[in-house]
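Have a look at the structure below before the remarks.
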Amino acid sequence: MKNDISTRLTTDTSYLFQLIGDVLKGEIKVPQFQRNFIWGEDQALELLDSIANGYPIGSLLLWRTKEKLSAERNIGDFHLPKTDDMSPVNYVLDGQQRLTVIFSCLGASETDEGFCAGYDLEKEVFIEYKPGETELSTFNLRKIFKTTDLLNYRAAIQTLPDHTKLQSRLDDIIAAFTTYRIPVVVLKELKIDEVCPIFERINSSGTRLSTYDLMVAATWNQGFDLNERVSDVLQELQSKGYSEADRSTILKIFSAIHLGSIKEKTLKSLRDLGTPEMDALIAESRESIKRSVDFLSTTFGVRSWDFLSYEAILIILSFVYHNKKEFNQAEANRIKKWFWRCSFGERYKVGGEHFVSNDLSKVKDFILSGVGDESDFGSILKPADWSKISFRSNVSRPRALILAMAERGPRNLTNGVAIDTESALSAFNKKEYHHFYPRAHVKSVYPGEDSNVLGNIIFITANSNKVILDRSPSLYVPEIVTNLGDQSDAVFSSNLLPLPGQFDYKNSTFSQFLAARGNMLTDYTQSLVK
């Protein structure tokens, strides 16, 4: 059989203390193409409980080689010893998360950082052992393979009233961990290009590898690290607020620019590129991404990754920028039509990679050549919709509403001072957005009606919101109008609120307000696409 590696693997079982010893000697390391430690506390404690009960936790897959990987990571937060160039090293291909928990909880020193676990001898449960823990009946598992520390702890619990019972439970835990063995499979004498396909197929740890993880593994070599290249791109976007963009989004942009598609099967074919070709593609893509981020920031006020309605917008716009470096006024206007329609119309809510891939050329043709009907990209909300759609920060329409209101140049209701929208849009901070009809007031006076709808959201500073508190607009609006004087209409208009001279705030109901404001919001968003 082609590439048969069965003759180059061995299987054995190792005690936990043997694995920990190999880690401490630098004989087990994590290759750079592995992902970071991502397990949570519950997963770590569950693993320890499985070991204590003698349950199988899966095998470890190691790659034993003298080939030195130039950028290897330590185990979790722990810095490991260096080994000489002649000594073979076992690189972890599968089991990194489990090995990290085992080393952190059982092999690290008590003063080391990183996750630490204890066993509550009274309740017979595993818990996170935090620095400064004083409960004597809680056994720090980091003592288990350290003879002196363990003997001292045994002596200490003799002072407890129920020491006989606790001692028995301690003995059981020690026996469980000192006799537990893990199956270990070792691959020998394989090259990196043979190892990566094996790594790609592994999914026994229960935490699925993403396409990005697999591409990092599949493209890794001594001179190229995709993860580092993507980090460099994100670092350049930090000043624009986009350094937190998903790494997979950046990878999809590479694929869109080079292959005209972000479908998973197409994207994975990037692995066929050599290092010079990948570096050239990344350099080319970096410029398109930077231009896209600049346009989104200056034109729409999207000054943070948090405010972008969909990753597809950055992917597609970067693809268009790859085809043309600068836009004329007509092309820029068509970008605006597309942006507002797909944001308010939730164009990329469903459909996934196939839908976005098909939109790459469709949007490009629309923006650069005016081909197609702009209404295909989504519709603007109708007046009644604003009173039905909830304001939630993780969906596109609320984000689009905030951007649209910022475009208007809102002024603070209580004093008429211009709101610093650049600061407010630097992150999705709800302190800057409040309900015109306070939630407590709506709940009290209009039970059954939802106050947290788009039509009830305005820009207002946290301090000014304290002036309004939970009062009805029938009470606080007249005060505001008096304070603002002849500026009141301009201030209310800047917030897309019905003008006090044209709307009876004192006697109108919440639903009447939403109906009036819904008309204004629809008219305004229509103007954005015209």
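Among ILE335, ILE38, a tally of other beta-carbon atoms within 10 Å of each Cβ gives an order, fewest to most, of ILE38, ILE335.
Evaluating 6.51 cos²θ - 1.76 cosθ + 1.60 at θ = phi - 60° for every residue in region 130-140, the Karplus couplings come out as 9, x, x, 4, 10, 6, 5, 6, 9, 8, 6 Hz, glycine and proline recorded as x. Candidate cross-link partners of LYS268 among the lysines, defined by an alpha-carbon separation under 20 Å and a same-chain spacing of 8 or more, comprise LYS252.
What shape does region 398-530 take by its C-alpha gyration tensor, where a ≥ b ≥ c are the square roots of the eigenvalues and a/c under 1.5 counts as rounded, a/b above b/c as prolate, and the rest as oblate? Verdict is rounded for region 398-530.
Give me GLU27, GLU432, GLU244, GLU46 ranked fewest to most by other Cβ atoms within 10 Å of their Cβ, as a rough exposure proxy. Don't skip to the end; give the middle numbers.
Working: GLU27 18, GLU432 22, GLU244 12, GLU46 15.
Going from least to most buried by this count: GLU244, GLU46, GLU27, GLU432.
Counting only lysines at least 8 places from LYS130 when in the same chain, those with an alpha carbon closer than 26 Å to its own are LYS143, LYS146, LYS165. Under 5 Å between amide hydrogens, built in the peptide plane, is the criterion, and for LEU93 it picks out LEU61, LEU62, TRP63 among residues at least 5 positions away or on other chains.
Dipole size in debye (nearest 20) for region 211-377 around its Cα centre, Lys and Arg Cβ +1, Asp and Glu Cβ -1? Please list the in-between numbers first.
Numbers: 22 positive and 25 negative charges, 82 e Å.
Here the size comes out at about 400 debye.
Judged by the gyration tensor of its Cα atoms, with axes a ≥ b ≥ c, region 368-474 is oblate; a/c meets the 1.5 cut and b/c is at least as large as a/b.
Once you order the gyration tensor axes a ≥ b ≥ c over the Cα atoms, which shape class does region 322-371 get: rounded for a/c under 1.5, otherwise prolate or oblate by comparing a/b with b/c?
oblate
Summing +1 for each Lys or Arg and -1 for each Asp or Glu among the other residues whose beta-carbon sits under 13 angstrom from that of SER14 gives -1. Evaluating 6.51 cos²θ - 1.76 cosθ + 1.60 at θ = phi - 60° for every residue in region 449-464, the Karplus couplings come out as 9, 8, 7, 8, 10, 4, x, 9, 9, 9, 6, 6, 5, 4, 5, 5 Hz, glycine and proline recorded as x.
What the pair-distance distribution of the chain shows, using all Cα-Cα distances binned every 20 Å from zero, is 18, 35, 32, 13, 0 percent.
Among the GluC sites (Glu not before Pro) found in region 118-161, those both in a DSSP coil and sparsely packed, with 12 or fewer other Cβ atoms within 10 Å of their Cβ, are GLU124, GLU135.
Mean separation of Cα pairs under 8 Å and 6 or more residues apart, divided by the residue count, gives region 211-377 a relative contact order of 24 percent. Neighbour counts of C-beta atoms inside 10 Å place LEU317, LEU475, LEU413 in the sequence LEU475, LEU317, LEU413, starting with the fewest.
Couplings for region 501-510, taken from phi via the Karplus curve 6.51 cos²θ - 1.76 cosθ + 1.60 with θ = phi - 60°, read x, 10, 9, 8, 5, 6, 10, 7, 8, 4 Hz in order; Gly and Pro are left as x. Over all distinct Cα-Cα pairs of region 211-377, the Kirkwood formula returns a hydrodynamic radius of 16.1 Å.
Values in this text are rule-based calculations from the coordinates and carry no lab data. Just so it is clear, the structure is predicted and the values come from calculations on it, not from any experiment. Positions of Cβ are generated from backbone atoms using ideal geometry, with glycine treated the same way; all protein chains shown enter the neighbour counts.
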